[in-house]
1. Just to be sure, is ARG195 surrounded by fewer than 19 Cβ atoms within 10 Å (Cβ to Cβ) and within 28 Å of GLY229 (Cβ to Cβ)?
2. Looking for whichever is under 13 Å from the mean Cα position of the chain (by Cα), more than 16 Å from ligand 2 (Cβ to nearest atom) and either acidic (Asp, Glu) or not assigned by TED's automatic domain parsing to the domain that holds LEU210 (or both) here; the options are GLU164, GLU140, GLU146. Which one fits?
3. Only one of (1) surrounded by 15 or more Cβ atoms within 10 Å (Cβ to Cβ); (2) modelled with pLDDT under 95 is not met by ARG46, so which one is it?
4. Only one residue in ALA244, ALA226, ALA221 is free of Cβ contacts under 8 Å to residues at least 24 places away in the same chain, of a type in the set (Gly, Ala, Ser) and within 20 Å of THR165 (Cβ to Cβ), so which one is that?
5. If LYS42 satisfies all but one of (1) within 27 Å of CYS264 (Cβ to Cβ); (2) basic (Lys, Arg); (3) within 11 Å of ligand 2 (Cβ to nearest atom), what's the number of the condition it fails?
6. What number of residues within region 263-297 satisfy the criterion of being part of a loop (DSSP other than H, G, I, E, B) and surrounded by fewer than 21 Cβ atoms within 10 Å (Cβ to Cβ)?
7. Output the qualifying pairs, or none if there are none: Cβ atoms under 6 angstrom, residues six or more apart or on different chains, first residue in region 138-161 and more than 14 Å from ARG185 (Cα to Cα) and among the acidic types (Asp, Glu), second residue more than 10 Å from ligand 1 (Cβ to nearest atom) and at pLDDT 95 or above.
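The values are calculated or read from the model by the stated rules, or taken from the named source; none is laboratory data. In this text, all values refer to a predicted model and were calculated from it rather than measured experimentally. Glycine also receives a Cβ, built like all others from the backbone with ideal geometry; neighbour counts cover every protein chain displayed.
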Amino acid sequence: MKSLFLTAPGCLELRDTPPPVPGAGELVVEIRAALTCGTDLKTWRRGHPKIPLPSPFGHEFAGTVAAVGQGVTTFRPGDEVMAVHSAPCGHCFYCRAGQENLCDQVMENKVLGAFAEQILLPAPIVERNLYPKPPQLSFEAAAFLEPLACVVYAAQVQPLRGGETVLILGGGPIGLLFLLLARARGAGRVIVAGRRAPRLQQAHRLGADLVIDVDRDDALAQVLAATDGRGADQVIECTGRPEAWEISPRLVRKGGRVLLYGGCPGGTTVCFDTGRLHYDEITLQGVFHFTPRAVAAARELLIEGIIDVEPLISGRFPLSGLESALLLLAQGEGLKYAILPGEER
Ligand SMILES: [Zn+2]
Ligand SMILES: [Zn+2]
C-alpha cells in the first residue's frame with residue numbers, strides 16, 4: 001500500500017509498504033479521507049519532540065474497515081467508520097481517577113499514518129474510540145472527530161454558557177470550531193481576534209459578531225469598547241503563543257474565565273498580574289487532549305449536523321499532494337485540506 005512518511009523536517013516520501021495485518025483486537029481501516037492539522041504543519045516544518053523520524057504521518061481520518069483481527073466482533077470489513085488516533089489505557093492512576101485525557105500511556109499509544117491507504121488501529125482504540133459512521137456524514141466531515149473532540153473536551157472542562165460574550169484568540173481551524181460550538185451553545189456574542197483577512201472573513205461568515213485583526217487593531221481596546229469596558233465573559237486562547245496567553249487575563253471581565261487551549265513551545269513562561277487574578281477573581285484553565293466521553297459527544301454534534309465542518313475544508317488533494325497542501329498552509333492559505341488516498345489509484 002502507499003504510505004506517506006516524514007523522513008526529516010520538510011521531507012515527505014511516498015513509500016510502498018506491506019498492508020498492515022491486524023492482530024487480536026486490532027482493526028485495519030482503509031482511509032477514505034484524512035485532514036491536515038496545525039500539528040502536522042508544525043511537525044513537517046521543524047519536527048516534533050514526540051515523533052522520532054522517519055515516521056508515518058497524519059492523524060485525522062475516516063474510512064472503511066478493511067480487515068479485523070481475532071476477537072473483534074463489533075465491526076466487519078466494509079463498515080464505514082470514524083475514529084480518533086489514541087485511547088486511554090484504562091488502568092493507570094489518571095484513568096482510574098477519571099482524567100483519561102492525562103493517561104500516562106495516551107501519547108505513547110497514539111497511532112500516526114492517516115496519510116496512507118490504510119492504518120492499523122490498536123485494540124484500545126478499537127474498544128473505546130472507534131465508531132460507525134452514518135452514511136449521511138461525509139468521510140471528510142467524519143475526519144473532524146479528533147479536532148472536534150479536543151474542542152468539546154475543553155468546553156466540558158470550562159463550559160460555554162448561553163448569552164455570554166466569548167472572545168476567541170486565533171482564527172485557525174480550532175478557533176473556528178470553538179466559534180461554531182459557542183454559537184451552538186447559545187453564546188450571546190462571539191468575538192474572534194486573529195490574523196489574515198481571509199480567515200477573519202471566514203470567521204464572520206461562520207457567525208462571529210465582531211472580528212479583530214490583531215496586526216492592525218488594538219485587540220484590548222476593541223474588546224473593552226465592545227463590552228462597556230468590562231472585558232469578555234470568557235476568553236478562549238487558541239494560538240499557542242505566549243504573548244496571547246499573557247494578554248488573556250486582561251481581556252476578560254471580573255469573575256470571568258480564561259481557557260488556555262493552545263499549547264506554547266516547550267519551556268516558555270508567561271507572567272500574570274496577581275491583582276487581576278486575585279481581586280478580580282479570574283479563572284485560568286489549561287486543557288489538554290480529550291476523553292472518550294468527549295469523542296462520543298463530538299460525534300453526536302457531527303452526526304446531528306449541530307456543527308457543520310464542511311466550510312472549514314479548503315481543498316482536496318491526493319496523497320502525493322500533501323506537500324502542496326502543507327505549503328499552502330505555511331503561506332497562511334486555507335484552514336484544513338482533505339487528503340484523499342483513493343484519488344491516487
Ligand atoms: Zn489534529
Ligand atoms: Zn491510563
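1. Criteria met by ARG195.
2. GLU146
3. Unmet for ARG46, out of (1) surrounded by 15 or more Cβ atoms within 10 Å (Cβ to Cβ); (2) modelled with pLDDT under 95: (1).
4. ALA221
5. Only one criterion in (1) within 27 Å of CYS264 (Cβ to Cβ); (2) basic (Lys, Arg); (3) within 11 Å of ligand 2 (Cβ to nearest atom) is unmet by LYS42, namely (3).
6. Going through region 263-297 one residue at a time, the tally reaches 16.
7. Short answer, once both residue conditions are applied: GLU140/ALA33; GLU140/ILE313; GLU140/ALA338.
Matching residues to (1) assigned by TED's automatic domain parsing to the domain that holds SER320; (2) away from ligand 1 (no atom under 13 Å from the Cβ); (3) over 18 Å from SER3 (Cβ atoms):
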site	(1), (2), (3)
ASP40	yes, no, no
THR43	yes, no, no
GLY71	yes, yes, yes
LYS110	yes, no, no
ALA116	yes, yes, no
LEU120	yes, yes, no
ARG128	yes, yes, yes
